[in-house]
Amino acid sequence: MLVGHLIATTIAYEELLGGAPASALLERMSNQAGAGAADPNATLVSAVESLRVAFATPTSMTATVQHPIGSMRGSDLLGLRISENTIHAWDLATALGLELGLPDQVLDLVYARLAPQAEVLPKTGLFAAQQRNHGSDESSLDRLLRISGR
């Protein structure tokens, strides 16, 4: 299911950069269980490469993109993609019983990006509500997991 979600959202983000409406992402997500069924690895690798090319186009960072959480610049969409991939990397590592292994700098950057929107994110249906209160000794990973509803 997670791999299908990554495939569906990666393809949809490329579509959003190409001018598709926000509903395109939601539609892809509603069909994510079957995304890449024949060869999920190859499908994900291809989707990631296509999205990388789309983000590398000269106008992609300044383009206005329609996303379910609202209109944003392409640069913000890229930040959101990085944030989602970071959180899903934890999901996958946890499912496999592995350590995440991302540097605190990455986790802190993703947290800084998401924290101002922490109360809005659960209302979009794309993130779960915060599940726990924070402590002063919270690690970078714990902070990020908390605001993403993990």
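Among the residues of region 15-25, the one identified as within 17 Å of the chain's Cα centre (by Cα) and exposed (fewer than 14 other Cβ atoms within 10 Å of the Cβ) is S23. Across region 110-143, the qualifying residues are those that are modelled with pLDDT of 75 or more and under 23 Å from P68 (Cβ atoms), and the one among them that is surrounded by the most Cβ atoms within 10 Å (Cβ to Cβ) is V110. Pairs meeting the criteria (first residue in region 88-108 and without any contact (Cβ under 8 Å) to a residue 40 or more places away in the chain, second residue exposed (fewer than 14 other Cβ atoms within 10 Å of the Cβ) and part of a loop (DSSP other than H, G, I, E, B), beta carbons under 8 Å, at least 6 apart or on different chains) are A93/E99; A93/G101; D104/S139. Would you pick out the residues in region 58-86 that are touching a residue at least 40 places away in the same chain (Cβ under 8 Å) and over 16 Å from A8 (Cα atoms)? Matches in region 58-86: S60, A63, V65, Q66, I69, G74, T86. Annotation note: of L114, L2, the sole residue that is in contact (Cβ under 8 Å) with a residue 40 or more places away in the chain and closer than 25 Å to L145 by Cβ is L2.
Identify all residues within region 24-43 that are under 18 Å from R81 (Cβ atoms) and either of a type in the set (G, A, S) or touching a residue at least 60 places away in the same chain (Cβ under 8 Å) (or both); write none if there are none. Result: A24, A35, G36. When the residues of region 49-93 are filtered to those that are surrounded by 16 or more Cβ atoms within 10 Å (Cβ to Cβ) and among the β-branched types (V, I, T), the one that is modelled with the highest pLDDT is V65.
The values are calculated or read from the model by the stated rules, or taken from the named source; none is laboratory data. Since the structure is predicted, the reported quantities are computational estimates derived from the model, not experimental observations. Here the Cβ is made from the backbone with ideal geometry for all residues, glycine too, and neighbour counts use every protein chain on show.
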